[in-house]
């Protein structure tokens with residue numbers, strides 16, 4: 001190594017130093033520390049802790065409430081993410097047209113995503129309120145309901161999860177739309193010209209050009225949306241508190257309760273690790289499935 | 001035939017505008033409702049749709065919220081301003097230095113280190129909340145500004161986004177400045193940052209919005225009422241006034257939302273470029 005190269009190497013480390021120290025302290029070390037904590041029966045309120053080895057993991061995997069929470073997160077994700085992606089793609093196609101004022105709509109659609117999560121949750125409580133709530137007002141107009149028979153969506157075990165799903169579709173629209181817009185820009189216009197010369201309809205060129213060309217974008221949106229959906233917290237904390245009958249007790253809220261209401265940080269750490277593994281597993285499956293599709297198209 | 005095509009073109013445009021307006025209506029309805037209800041007299045019940053327009057708009061609710069004798073809402077706001085300001089400035093400085101090194105300096109271990117930054121983006125906060133809490137507690141930082149600021153002083157996402165932007169700056173510019181005797185810090189601040197304005201603005205906007213709307217961190221790392229930020233403060237306000245006082249609740253929500261909207265509208269023209277830099281390439 002020359003003196004000059006050594007100087008550049010030192011400079012490089014000086015420049016990445018602060019960020020690297022921060023990464024080590026607040027991202028890498030906590031993972032190891034969480035693994036350590038997860039091997040203790042540890043009450044954070046009174047400080048009692050005793051080593052239990054894999055006991056917390058064994059307990060979690062036998063606990064019905066934890067499986068219920070995992071299942072709730074899974075069904076929230078399995079319904080909300082594909083629904084949100086389909087809508088975002090449709091909206092991206094809509095605002096990808098050369099129309100006057102279209103950028104104003106793009107900006108408007110992004111606003112729910114930059115909004116305060118707590119304020120948004122308060123607004124959605126109103127939207128689904130039985131009396132004078134927006135959805136019930138519309139149902140009244142459509143004569144689905146009458147004034148003596150309104151629906152309390154939030155406190156009903158069969159609809160509460162839908163409240164969270166609908167909310168996620170709306171708040172996730174903007175970011176997903178922007179990613180799809182970026183993907184659409186990358187599709188060469190010549191493909192569509194060739195298709196229309198061959199007499200392809202709009203629908204078939206969407207199916208045979210747009211969708212396959214967007215697969216990498218879709219994979220990115222799918223994986224990142226799934227990771228965040230599996231960790232849902234604020235809307236549950238604000239709107240349903242996991243109820244009614246634990247039907248919206250998603251795993252992010254379940255772990256929060258375990259750690260900060262019941263103070264069992266050891267057990268909560270074990271559950272976070274199980275969640276981390278579950279998310280990684282789902283991501284790998286998603287990668288594999290999309291890769292297989294990509295191979296189909298290129299063949 | 002030509003006329004038919006023209007007609008189809010117009011019909012498609014009209015249908016598109018109708019669809020875009022409809023979606024905008026759906027998305028914006030709750031926000032419009034929020035602003036209108038905030039102007040109703042305090043303690044009035046939830047208005048029916050046909051009574052939603054405030055006949056005598058009452059702008060005093062904002063003052064009532066800010067001067068609430070039981071909850072220091074103005075203090076929540078001040079805390080958020082301090083924390084968001086410190087994190088935006090600190091995170092940009094720390095991340096820009098790292099991004100510059102990753103983009104332009106050759107040093108041992110660069111590839112592995114960059115992979116570590118990328119990998120850390122896949123790990124969510126759920127797994128690190130407890131250890132970070134325990135660490136902050138052992139530093140004696142719980143319930144202080146340090147607990148709200150220091151964990152945000154660097155972000156792998158910002159490092160990644162800025163590195164992508166810095167990579168597109170022509171290398172000759174830096175080399176010319178170096179021959180003129182400029183140090184690396186001057187090259188970064190004087191050439192790379194100004195030439196990457198869009199990415200820097202996107203980073204700053206995202207970071208501000210992220211800190212302002214962060215709920216989980218302040219919820220766990222603070223507990224005294226005077227250290228709460230707007231997001232946690234709003235949830236306390238909501239719980240304190242239950243379902244009973246929607247006009248005041250909505251005024252509080254407007255106060256929390258206003259800075260977000262302002263920063264977003266200033267920063268949004270860089271968004272599409274910024275976000276795509278951070279994801280696809």
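All of the numbers you see were taken from the coordinates with simple rules; none came from a lab. Fair warning: this is a prediction, and the values are worked out from it, not measured in the lab. Note that we place each Cβ from the backbone using ideal geometry, even for glycine, and neighbour counts take in every protein chain shown.
Given bins 10 angstrom wide, list per bin the percent of all Cα-Cα distances in segment A:18-298, short to long.
6, 21, 27, 24, 15, 6, 1, 0
Which residue fluctuates the most in chain A, going by a Gaussian network model with Cα springs under 10 Å, if the choices are A:173, A:140, A:129?
A:140
How long is the gain from residue B:180 to residue B:70 if the chain were fully straight, where each residue apart is worth 0.36 nm and the alpha carbon distance is subtracted?
In short, 33.5 nm is gained.
Applying a 10 Å radius around every beta-carbon, put B:59-68, B:170-179 in order of their mean neighbour count, most first.
B:59-68, B:170-179
Assuming R0 = 30 Å, what is the FRET efficiency of residue B:56 and residue B:21, from their Cβ-Cβ distance, to the nearest 0.05?
Taking R0 as 30 Å, the efficiency between residue B:56 and residue B:21 is 0.50.
Would you mind checking the tilt of helix B:2-38 against the longest principal axis of the Cα atoms of chain B, expressed as 0 to 90 degrees and rounded to 10?
70
Could you tell me the center-to-center distance, by alpha carbons, between segment A:182-219 and segment B:102-134 in angstrom?
Centre-to-centre (Cα) distance: 36 Å.
What is the spin-label model distance, in nm, from residue A:162 to residue B:138 if the labels are put 7 Å beyond Cα along the C-beta direction?
So the label points at residue A:162 and residue B:138 sit 4.9 nm apart.
Given a 10 angstrom Cα cut-off, can you work out which residue in B:147, B:116, B:11 is the most mobile in a GNM of chain B?
Judging by the Gaussian network model, the answer is B:11.
At 37 °C and 0.692 mPa s, grab the translational diffusion coefficient of segment B:2-63 from Stokes-Einstein with a Kirkwood Rh over Cα pairs, rounded to a whole number in µm² per second.
226
Would you mind calculating the gained length between residue A:190 and residue A:97 on full extension (0.36 nm times residue separation, minus the Cα-Cα distance), in nm to one decimal?
31.8 nm
How far is helix B:156-167 tilted off the main Cα axis of chain B, in degrees rounded to 10, range 0 to 90?
Compared with the principal axis, the helix lies near 50 degrees.
Taking the simple approach of a point 7 Å from Cα along Cα-to-Cβ for both residue B:7 and residue A:152, what is their distance in nm?
Modelled inter-label distance: 5.5 nm.
Once the Cα atoms of helix B:110-120 and of chain B are each reduced to a long axis, what angle between those two axes, in degrees from 0 to 90 to the nearest 10, is obtained?
Here the helix axis deviates by roughly 20 degrees.
Other chains near A:87-94: what is the mean number of their Cβ atoms within 10 Å of each residue's Cβ?
If you average over the peptide's residues, the count of other-chain Cβ atoms is 2.
Taking each residue of B:12-25 in turn, how many C-beta atoms of other protein chains fall within 10 Å of its C-beta, and what is the average?
4
Using Cα-only point scatterers and the Debye equation, what is log10 of I(q)/I(0) for segment B:37-148 at each q in 0.11, 0.13 Å⁻¹, rounded to two decimals?
-0.71, -0.83
Hey, how much of the P(r) for segment B:185-267 falls beyond 18 Å, as a percent of Cα pairs?
So the portion of pairs separated by more than 18 Å is 57 percent.
Compute the relative contact order of segment B:2-63 as a whole-number percentage, counting only Cα pairs closer than 8 Å that sit 6 or more residues apart in sequence.
So the answer I get is 27 percent.
Relative contact order, percent, of segment B:68-279 when contacts are C-alpha pairs under 8 Å separated by at least 6 residues?
Relative contact order for segment B:68-279 comes out at 33 percent.
Could you give log10 I(q)/I(0) at q = 0.16 Å⁻¹ for segment B:68-279, computed by the Debye formula over C-alpha point scatterers of equal weight, without solvent?
-1.11
Report Rg(Cα)/(2.2 N^0.38 Å) for segment A:1-119, keeping two decimals.
The reported ratio for this selection is 1.83.
Springs between alpha-carbon atoms under 10 Å, Gaussian network over chain A: tell me which of A:256, A:180, A:36 tops the mean-square fluctuations.
Fluctuation is largest for A:36.
Please compute the average number of Cβ atoms from other chains found within 10 Å of each residue's Cβ in peptide B:207-220.
Counting Cβ atoms of other protein chains within 10 Å of each residue's Cβ and averaging gives 3.
Given C-alpha coordinates of the protein assembly as shown, what is the ratio Rg to Rh with the Kirkwood estimate of Rh?
0.98
Could you calculate the FRET efficiency of residue A:288 with residue A:83 from 1/(1 + (r/R0)^6), where r is the beta carbon distance between them and R0 is 22 Å, rounded to 0.05?
Efficiency at R0 = 22 Å is approximately 0.45.
Calculate the FRET efficiency for residue B:93 and residue A:139 from the Cβ-Cβ distance with a Förster distance of 45 Å, rounded to the nearest 0.05.
Approximately 0.30, to the nearest 0.05.
Using just the helices of chain B, give the 222 nm mean residue ellipticity in deg cm²/dmol: DSSP H runs with n ≥ 4 each add -39,500 (n - 2.57), and the total is spread over all residues, rounded to 500.
Counting only the DSSP helices, I get -22000 deg cm²/dmol.
Relative contact order (percent) for segment B:1-109, with alpha-carbon contacts under 8 angstrom and 6 or more residues of separation?
Computed value for segment B:1-109: 14 percent relative contact order.
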